[in-house]
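Novice: Have a look at this one.
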Amino acid sequence: MKTLETKSMVLLRHHLKALRLPTVGAECEKVAQRCAADNVDHLTYLLQLTELELLDREKRAAERRTKAARFPTIKTLDTFDFTARPSVNKVLITELARGEFIDKRENVLFVGNPGTGKSHLATALAACACAKGYRVRFYRATELVTQLIEARDERTLLRLKAQLAKLDLLVLDEFGYVPASKIGAELLFDVISTAYERTSLIVTTNLPFESWTEILGSERLTGATLDRLTHRCRIIETKGGSYRLHQATKTRSAKANTDS
Ligand code: ADP
Ligand code: MG
């Protein structure tokens, strides 16, 4: 009996591997023991195992999507202090975290001074999108411009654009940190206009709209870019000063109070 059980187990593991059901393989014995003890029927046993496999599969897929998004740091909405940034509407951010704006191909633009939480919120929203099953890629705007120019020089631009076209959500962080070259600005505009009504964009910038010409060079290109970007767009202003600076000042004054 013992050898038969062992032989069945070896075969079962083989079949489950061939069928790509790793969680069923890992959990079947444990769940079988529990079901036997609870007098649970075979169909319920199967249901429990398939549920575990599905849950694990979703988790693994979300992890893969998060990795593919290439976030420079992991940020979550839980760690965002909304009371420190009253211009950011928590209800709106929570709504955006549900991802419906991505189904509607809408954009989100975060505008505000450095250190005011724009990248934090953009990353956290994009991470929520990964968990919900959307395909996401995070770029610093300059990094994307560099990649576009390199791809153009190496004649792989079509491939890069095909990769971008597969995304549900593209994050362009720090738009406007350095002026783009003429060709860089045109390539970036091309990405933004291709994404228009097909891929959602989250853009963060510390530049007011009137200064975008300095980055994109021409007024015509700036007008056309803003036109596409801001049509069906939530604009969220992170008003005020740097969070880190504020925290550092608070810590220092708390220390001064305890020292005195
Ligand atoms: P920005 O992109 O606007 O320059 P960041 O999002 O990079 O700013 O924020 C700078 C740092 O401060 C990050 O480590 C971020 O997590 C943190 N931070 C900013 N605002 C908040 C906030 N309201 N609550 C918690 N952490 C914050
Ligand atoms: Mg930033």
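The values are calculated or read from the model by the stated rules, or taken from the named source; none is laboratory data. Just so we're clear, the structure is a prediction, and the values are computed from it rather than from any experiment. Note: ideal-geometry Cβ built from the backbone for every residue, glycine included; neighbour counts use all protein chains shown.
The rows are residues; the columns are (1) modelled with pLDDT of 95 or more; (2) within 16 Å of ligand 1 (Cβ to nearest atom); (3) among the hydroxyl-bearing types (Ser, Thr, Tyr).
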residue: PHE209; (1), (2), (3): no, no, no
residue: GLY217; (1), (2), (3): no, no, no
residue: THR225; (1), (2), (3): no, no, yes
residue: HIS231; (1), (2), (3): no, no, no
residue: ILE235; (1), (2), (3): yes, yes, no
residue: LYS250; (1), (2), (3): no, yes, no
residue: SER253; (1), (2), (3): no, no, yes
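Novice: Restricting the search to the range 174-189, which residues are surrounded by 15 or more Cβ atoms within 10 Å (Cβ to Cβ) and either more than 16 Å from ligand 1 (Cβ to nearest atom) or within 20 Å of the chain's Cα centre (by Cα) (or both)?
Specialist: GLU174, PHE175, ALA180, GLY184, ALA185, GLU186, LEU187, LEU188, PHE189
Matching residues to (1) exposed (fewer than 12 other Cβ atoms within 10 Å of the Cβ); (2) touching a residue at least 24 places away in the same chain (Cβ under 8 Å); (3) in contact with a Leu (Cβ under 7 Å, 6 or more places away or on another chain); (4) within 21 Å of GLY241 (Cβ to Cβ):
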residue: ARG64; (1), (2), (3), (4): yes, no, no, no
residue: LEU92; (1), (2), (3), (4): no, yes, no, no
residue: SER119; (1), (2), (3), (4): no, yes, no, yes
residue: ALA127; (1), (2), (3), (4): no, yes, no, no
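Novice: Can you tell me which of (1) aliphatic (A, V, I, L, M); (2) in contact with a Pro (Cβ under 8 Å, 6 or more places away or on another chain); (3) modelled with pLDDT of 95 or more is the one LEU172 doesn't meet?
Specialist: All conditions are met except number (2).
Novice: Hey, could you check the range 214-223 for residues that are surrounded by 15 or more Cβ atoms within 10 Å (Cβ to Cβ) and under 28 Å from the mean Cα position of the chain (by Cα) and say which is farthest from GLU197 (Cα to Cα)?
Specialist: Of everything passing the filter in the range 214-223, ILE215 is farthest from GLU197 (Cα to Cα).
Novice: Within the range 198-230, how many residues are β-branched (Val, Ile, Thr) and within 16 Å of ligand 2 (Cβ to nearest atom)?
Specialist: Residues flagged as β-branched (Val, Ile, Thr) and within 16 Å of ligand 2 (Cβ to nearest atom) within the range 198-230 amount to 5.
Novice: When the residues of the range 94-105 are narrowed to those that are touching a residue at least 12 places away in the same chain (Cβ under 8 Å) and either within 16 Å of ligand 2 (Cβ to nearest atom) or outside any loop (DSSP other than H, G, I, E, B) (or both), which ends up farthest from VAL178 (Cα to Cα)?
Specialist: Selected residue: THR94.
Novice: For the condition among the aliphatic types (A, V, I, L, M), exposed (fewer than 14 other Cβ atoms within 10 Å of the Cβ) and farther than 15 Å from ARG140 by Cα, what is the one hit in LEU226, LEU245?
Specialist: Going through LEU226, LEU245 in turn, the sole match is LEU245.
Novice: Can you go through SER211, SER200 and tell me which one is of a type in the set (Gly, Ala, Ser) and surrounded by fewer than 17 Cβ atoms within 10 Å (Cβ to Cβ)?
Specialist: SER211
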